[in-house]
Amino acid sequence: MMKLVAFGLLLVSLAVLGQPGTRIIGGYPCGERNRPYQAALVYGRKGNWNIYCGGSLVSPCWVLSAAHCKPKLGMKVCLGKTNLKKRESTEQCLSIAEVKLHPNYTRRNNDKDFMLLRLRPCAKLNDAVKTIPLPSKCPPDNSECTVSGWGTIRSPQAKLPDLLQCADVKTVPQQTCNTAYRGAITPFMMCAGVPEGGTDSCQGDSGGPLVCNGKVEGVVSWGTYVCAQKGNPGVYSKVCCVVPWIKDTITKQGKC
């Protein structure tokens with residue numbers, strides 16, 4: 001597991017490195033075809049994939065994820081998946097043709113933690129595989145959102161998943177978020193959670209989507225080592241801040 005030390009806090013990026021993934025804490029099964037934009041960055045083999053990170057299909061040829069989820073050789077991006085441990089008629093597991101990290105990504109504190117993956121071939125859109133719109137503005141405080149992924153149900157221990165999990169959270173005011181993390185929150189980060197704790201993204205969910213009002217507003221990025229603690233909401237990369245970079249990258253690199 002990749003750990004970061006910044007501003008006197010022990011922080012952990014929420015990727016599973018070389019381990020099987022697990023699932024969201026305090027969540028519920030998303031159900032089939034309810035998150036058609038959800039991507040899974042996986043390793044292993046068909047019918048028995050292991051989660052590495054999540055992502056969002058923002059174009060038929062491009063998946064948005066987290067920069068700290070930079071893939072290893074041979075990994076695939078699976079779309080149309082609900083259960084990672086069985087073959088599904090809706091799945092499309094595609095190769096990665098190109099990796100584009102945000103040019104100003106800072107690993108030390110996970111600032112601008114964004115990555116775009118170009119798929120080969122491009123995804124075929126249908127009822128089970130769809131793109132999700134980018135935001136036109138940043139979400140207001142206390143927006144109702146959903147985070148999804150195959151991350152852990154326990155923290156700090158892990159419990160293996162099968163099904164894609166969802167959790168309902170709300171965006172947290174930036175000042176509250178920054179106070180909780182002792183000044184570690186940059187303008188390119190946002191927090192989301194529940195006041196009482198117990199619901200959160202966690203290890204294995206990195207790169208996955210935080211969706212508010214039908215748009216991808218956040219990318220699962222980092223948090224404290226023990227997830228879902230009261231007063232420590234999950235930290236997400238703030239998509240509204242980098243929409244021009246996303247659009248320019250997709251346009252300049254082409255669609256094939």
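The values are calculated or read from the model by the stated rules, or taken from the named source; none is laboratory data. Note that the structure is predicted; figures quoted are calculated from it, not measured. Positions of Cβ are generated from backbone atoms using ideal geometry, with glycine treated the same way; all protein chains shown enter the neighbour counts. The protein model used for the area step is the full one, side chains on, heavy atoms only, and it has no ligands, DNA or RNA in it. Shrake-Rupley method; radii C 1.70, N 1.55, O 1.52, S 1.80 Å.
Contour minus end-to-end for Glu144 and Lys124, with contour as 0.36 nm per residue of separation and end-to-end as the Cα-Cα distance?
Computed gain between Glu144 and Lys124 is 4.2 nm.
At what distance in nm do the modelled label points of Arg108 and Arg87 sit from each other, each positioned 7 Å from its Cα along Cα→Cβ?
Each label point lies 7 Å from its Cα, and together they span 4.9 nm.
Give me the net charge for the shell around Glu98: Cβ to Cβ below 9 angstrom, other residues only, Lys and Arg +1, Asp and Glu -1. Write out the running numbers ahead of the final one.
Numbers: positive: Lys100, Arg118, Arg120; negative: none.
My count for the surroundings of Glu98 gives +3.
Rank these by accessible area, largest first, 1.4 Å probe: Lys215, Lys137, Lys72.
Sorted by accessible area, descending: Lys137, Lys72, Lys215.
7 Å from Cα along Cα→Cβ at both Ser136 and Lys72: what's the point-to-point distance in nm?
In this crude label model, Ser136 to Lys72 measures out at 4.3 nm.
Exceeding 19 Å between C-alpha atoms, which entries from my cross-link table qualify? They are Lys124/Lys252; Lys124/Lys238; Lys100/Lys247.
Among Lys124/Lys252; Lys124/Lys238; Lys100/Lys247, the Cα-Cα distance tops 19 Å for Lys124/Lys252; Lys124/Lys238.
Sorting check: for 234-243, 85-94, which peptide has the highest mean count of neighbouring beta carbons within 10 Å, and how do the rest follow? Write out the running numbers ahead of the final one.
On the way: 234-243: 24.3, 85-94: 15.6.
By packing density, highest mean first, the sequence is 234-243, 85-94.
Between Asn48 and Gln174, what length in nm is gained on full extension when 0.36 nm per residue of separation is reduced by their alpha carbon distance?
Between Asn48 and Gln174, full extension yields 41.4 nm more.
Can you compute 3J(HN,Hα) from phi for each residue in region 49-66, using the Karplus curve 6.51 cos²θ - 1.76 cosθ + 1.60 with θ = phi - 60°, rounded to whole Hz and x for Gly and Pro?
Using θ = phi - 60°, the values come out as 6, 10, 6, 10, 7, x, x, 10, 7, 9, 7, x, 10, 9, 10, 8, 9, 9 Hz.
For a protection proxy built on the mean count of beta-carbon atoms within 10 angstrom, sort 51-62, 172-183, 112-123 highest first, please. Please list the in-between numbers first.
Numbers: 51-62: 26.2, 172-183: 15.8, 112-123: 21.7.
Taking the mean over residues of other Cβ atoms within 10 Å, the ranking is 51-62, 112-123, 172-183.
Taking a cut-off of 20 Å between Cα atoms, list the aspartates and glutamates near Lys215, but don't count ones fewer than 8 places away on the same chain.
Glu32, Asp113, Asp127, Asp141, Glu144, Asp168, Asp200, Asp205, Asp248
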